[in-house]
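The values are calculated or read from the model by the stated rules, or taken from the named source; none is laboratory data. All of these numbers come straight from a predicted model, not from anything done at the bench. Here the Cβ positions follow ideal geometry from the backbone for every residue, glycine too, while neighbour counts run over all protein chains shown.
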Amino acid sequence: MAESVLRKDFLWGGAVAANQCEGAWNVDGKGISVSDICTGGKYGQSKMITPVLDENNFYPSREGVQHYYRFKEDIRLFAEMGFKVFRFSINWTRIFPNGDETEPNEAGLKHYDEVIDECLKYGIEPLITICHYEIPFGLTKKCNSWVSRDMIQYFLNYCRAIFTRYKGKVKYWLTFNEINSSVAPMGALLNQGILIDLENPTVFMEQPDIPQQRYQGLHHMFVASALAVKMAKEIDPNYKVGNMMIYSASYPLTCNPDDILANQDYNRIYNYFCTDVQAKGKYPYYMKKFFADNDITIAKEPGDDEILKEGTVDFVTFSYYMSCCQTADPNAKSGEGNILGGVANPYLEASDWGWQIDPKGLRYALKDLYDRYELPLMVVENGLGAKDEIEEDGSINDDYRIDYLRKHIIEMKEAVKDGVDLMGYTPWGCIDLVSASTGEYAKRYGFIYVRRYDDGTGDFARLKKKSFDWYKEVIASNGENL
């Protein structure tokens with residue numbers, strides 16, 4: 001076999017989030033997270049935010065795919081595929097149920113002890129996201145979450161508990177999942193726990209929005225992340241702490257200079273702003289005009305700028321699913337399925353959920369980010385949400401997923417040939433789970449099928465898809481046998 005272009009210690013694996021797979025939403029002292037108040041939805045029909053729980057509604061995040069009870073079975077399957085790393089999140093409300101307690105919940109800490117130990121048993125490196133769309137709803141009600149500076153200390157209290165507990169077992173941490181989702185209204189509740197109406201149901205994709213709150217919340221998150229990086233190194237100098245962002249690859253729709261400028265502005269806000277702060281340690285110059293144009297004032301305390309400078313991340317991680325285009329044409333229609341804005345690229349096909357498929361965009365993303373930050377990179381989410389069907393013989397032939405991943409891995413390798421320092425690759429939803437954006441089971445990403453459906457039926461049985469054995473061979477060959 002030819003020598004791989006990827007490093008010998010390349011971290012192949014997969015990724016999940018607690019709120020989308022664990023279930024057991026009110027078990028062993030767990031509190032309510034913002035994901036627990038979101039109902040199910042489907043393509044073309046947004047899920048609902050219900051601050052007052054409605055027992056007549058279906059809340060798929062409350063049951064996930066029962067990973068809380070079946071994590072040993074799931075990790076054994078990951079080990080069978082040859083995983084070197086497993087990216088998962090700790091659910092904040094398992095450790096601090098309301099978010100503001102002074103002492104952690106021992107049952108929650110013990111559960112993740114068991115998950116981490118199960119990974120280590122198979123030689124799988126845990127990659128832990130500290131906060132992955134799992135803000136305690138108790139803090140939303142108490143102080144509107146990250147709008148309040150008090151959240152910094154609540155978050156650090158949580159970090160201290162897990163950094164201390166898992167010292168010597170975990171090496172890699174990510175502070176906030178897709179932190180830049182907060183530059184869009186859809187990130188207010190999901191990522192920041194901000195909810196304007198605490199009395200009435202709200203359509204998830206039509207949340208009332210106050211940009212001032214979101215960007216002030218982001219400042220508090222930046223400070224919290226930087227302080228968490230410093231804390232991690234004090235507790236264990238071997239800890240490596242990264243950020244995590246959505247990379248929404250974006251191109252000018254035409255060569256009209258107005259489209260090129262529109263695309264530049266889009267990239268600054270959506271793709272660069274948050275990582276500029278977390279990797280470079282300071283607010284980029286272009287945000288001064290953006291804040292002025294949008295009547296946003298960031299309240300800082302003395303010392304905040306020094307904290308940001310001293311708490312930069314060790315590596316940069318990102319999700320990559322699709323690309324979009326930007327245009328200055330006010331009559332252009334927004335691309336279907338594009339939650340961060342933009343118009344459709346006429347050269348690309350799309351998934352069943354309208355997400356455009358662009359493997360070369362991943363190569364572009366890797367080169368763009370490495371050019372800008374010169375830090376090691378990791379692709380921690382990538383995949384195809386699709387409607388998988390079980391054949392009469394019990395097989396699940398997801399050749400479309402294999403094709404999607406193969407093409408993205410090829411481009412990932414090309415980026416490494418270009419000189420990018422790439423640490424690893426963890427496709428999203430390595431086992432089927434609940435979709436974060438639509439709140440449904442039907443949008444499946446995994447190598448492992450979970451027999452659970454949006455009508456509440458199904459026994460959660462695990463079935464290997466065709467992509468399971470394909471990915472096993474990809475890992476065994478370090479990406480050479482595609």
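The single condition from (1) at pLDDT 95 or above; (2) closer than 30 Å to MET186 by Cα that LYS417 fails is (2).
Residue selection: GLU55 satisfies the criterion of being surrounded by fewer than 19 Cβ atoms within 10 Å (Cβ to Cβ), over 23 Å from the mean Cα position of the chain (by Cα) and over 29 Å from ARG160 (Cβ atoms).
For segment 161-192, the set of residues classified as within 30 Å of GLN212 (Cβ to Cβ) and assigned to a loop (DSSP other than H, G, I, E, B) consists of ASN177, GLU178, ALA184, PRO185, MET186, listed by residue number. Screening ILE194, ILE179 for residues that are of a type in the set (A, V, I, L, M), more than 22 Å from TYR320 (Cα to Cα) and in contact (Cβ under 8 Å) with a residue 12 or more places away in the chain leaves exactly one candidate, ILE194. Looking only at residues of segment 60-77 that are over 18 Å from SER89 (Cβ atoms) and either in contact (Cβ under 8 Å) with a residue 60 or more places away in the chain or touching a Ser or Thr at 6+ places or on another chain (Cβ under 6 Å) (or both), we find that the one that is surrounded by the fewest Cβ atoms within 10 Å (Cβ to Cβ) is GLU73.
The single condition from (1) on the phi > 0 side of the Ramachandran plot; (2) crowded, with 20+ Cβ neighbours inside 10 Å that VAL16 fails is (1).
Could you tell me how many of the residues in segment 1-40 are of a type in the set (A, V, I, L, M, F, W, C), part of a loop (DSSP other than H, G, I, E, B) and over 17 Å from SER61 (Cα atoms)?
Here the count works out to 5.
Within segment 335-353, residues that are closer than 17 Å to GLN45 by Cβ and part of a loop (DSSP other than H, G, I, E, B) have Cβ atoms under 9 Å from residues that are of a type in the set (D, E, K, R) and at pLDDT 90 or above in these pairs: ASP352/LYS387; ASP352/LYS443; TRP353/LYS443, counting only partners at least 6 apart in sequence or on another chain.
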